[in-house]
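Take a look at the structure set out below.
The values are calculated or read from the model by the stated rules, or taken from the named source; none is laboratory data. The model shown is predicted, which means the values in this text are computed figures rather than measured ones. Neighbour counts run over all protein chains shown; Cβ positions are idealised from the backbone, glycine included.
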Amino acid sequence: GKSPGHDLITAEIARRLPNKAIVHITHIFNAILQLSYFPIQWKLATIILFPKLNKPKPIDNPSSYRPLSLLHFFAKLLEKLILNIIYSIIKEKKLIPDTQFGFREHHSTIHQIHRLADTIAYSLEKKL
């Protein structure tokens, strides 16, 4: 999304940072990873409530709303970097079998349905 968190930094602002600022942010990220310390300020979120569509309920009912958390930009960026590191290790070490399709890039339910149909067809041919 384009809405900033309480830090008021958007991706557009971050893209325009000078190289010197990026070097400092890289040092901060490395220190966070080395110290295993996530800054408390980065854990704060600004929460916006949106009314749920097609579900008319009283406006004073909390279940009538869907919360959206606006997080600190650099916290989101660091989380994505960590996810990429973890995901590359998982791929390299083949920790997730090829038959696992949920929550994986380039592995849709359509692919899994094709795989299931092929397995069923093979079983019928071989009378398993």
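Results, tabulated for the structure shown:
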| item | result |
| --- | --- |
| Those residues of the stretch 72-105 which are modelled with pLDDT of 90 or more, assigned to a helix (DSSP H, G or I) and more than 26 Å from ALA14 (Cα to Cα), in sequence order | ILE89, ILE90, GLU92 |
| Some residue of the stretch 106-113 being in a helix (DSSP H, G or I) and closer than 30 Å to ASN30 by Cβ | no |
| Test: residue in the stretch 51-66 that is surrounded by 11 or more Cβ atoms within 10 Å (Cβ to Cβ), without any contact (Cβ under 8 Å) to a residue 24 or more places away in the chain, aliphatic (A, V, I, L, M) and outside the structural domain of GLU105 (by TED's automatic domain parsing) | no |
| Test: residue in the stretch 40-47 that is more than 23 Å from GLU12 (Cβ to Cβ) and loosely packed, with under 11 Cβ neighbours inside 10 Å | yes |
| Residues of the stretch 99-128 that turn out to be under 30 Å from LEU33 (Cβ atoms) and surrounded by fewer than 10 Cβ atoms within 10 Å (Cβ to Cβ), as a count | 4 |
| Test result for PHE38, in a loop (DSSP other than H, G, I, E, B), at negative phi, free of Cβ contacts under 8 Å to residues at least 60 places away in the same chain and among the hydrophobic types (A, V, I, L, M, F, W, C) | yes |
